[in-house]
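Inspection log for the structure reproduced underneath, given as structure tokens.
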Amino acid sequence: MSAPFTLVMIEDDPLVAQINLGYLAGRPEYRVLGAAQTVAAGRMLLRQHRPDLLLLDVFLPDGSGLELLTEARALGWVQDVILLTAARDAASVQAALSGGAADFLIKPFTRERLYGALETVQQRRDAMRGGEREFTQGALDRLLGHARTQNLPKRVEAHTLEKVVEVLRASPVSLSAEEVGRDLGINRATAWRYLEQLTELGQAELDMEYGGVGRPTKRYRLRGT
């Protein structure tokens, strides 16, 4: 089993911090090393722990999270940063992306959206550590999230595809087309079509379940889970 993905959170609202930390509780793949409410306290945590990932608010009592983003990455305290903030103005978004933020989540966001952001960062990190010397364009598209909605067949809608991804992400075990269809209220054939599309895009993996008499059951899970 790989080592847990380490995180530090900087959030000045104790209630919001409690909710976000609650999202991470019970997920052994993530380990929160500490939480802070100010830039100064957060800076100390980052220097001490140098985590894999920083979850960062923009509006903090003693400064801007955007300035800390630039500082922390420049000094090598953390490699990846996800903004969790009420800021939604274009200047803040541009500053975050220019500063190297891996993702930008506007409050309030869902638990599934946070999990998706974390998993994307992990997948990118794993791919870079996997010894690959070169990438194909398709592999990069999957890594950067571009393959999800590009060049989809006519009978595959991006919105439904995202819903199928959410169902797979929420399940601790691989699922059959029948189970996914039941969860989303769509028929088995439709669910199978979307699951096969995710497999073709490299976002899902197929497991064959061999039971008794008859054909084996196809079961699907998100890649890397």
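Laid out as a table, the results:
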| read-out | value |
| --- | --- |
| Residue within region 116-128 that is assigned to a helix (DSSP H, G or I), at pLDDT 75 or above and hydroxyl-bearing (Ser, Thr, Tyr) present | yes |
| Enumeration of residues in region 65-89 that are part of a loop (DSSP other than H, G, I, E, B), under 24 Å from Asp126 (Cα atoms) and in contact (Cβ under 8 Å) with a residue 12 or more places away in the chain | Gly76, Trp77, Val78, Gln79 |
| Any hit, region 84-101, residues being polar (S, T, N, Q), touching a Pro at 6+ places or on another chain (Cβ under 9 Å), crowded, with 17+ Cβ neighbours inside 10 Å and more than 28 Å from Ser171 (Cβ to Cβ) | no |
| Subset of region 51-64 that is in contact with an Asp or Glu (Cβ under 6 Å, 6 or more places away or on another chain) and not in a strand (DSSP E or B) - its residue that is farthest from Leu21 (Cα to Cα) | Pro61 |
| Matching residues in region 20-39 - criterion: being exposed (fewer than 14 other Cβ atoms within 10 Å of the Cβ) and either among the aliphatic types (A, V, I, L, M) or outside the structural domain of Ala102 (by TED's automatic domain parsing) (or both) | Ala25 |
| Test: residue in region 43-50 that is out of contact with any Phe, Trp or Tyr (no Cβ under 7 Å at 6 or more places or on another chain) and not in a helix (DSSP H, G or I) | no |
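The values are calculated or read from the model by the stated rules, or taken from the named source; none is laboratory data. Computed from a predicted structure; not experimentally measured. For neighbour counting, all protein chains shown are included, and Cβ atoms are generated from backbone atoms with ideal geometry for every residue, glycine included.
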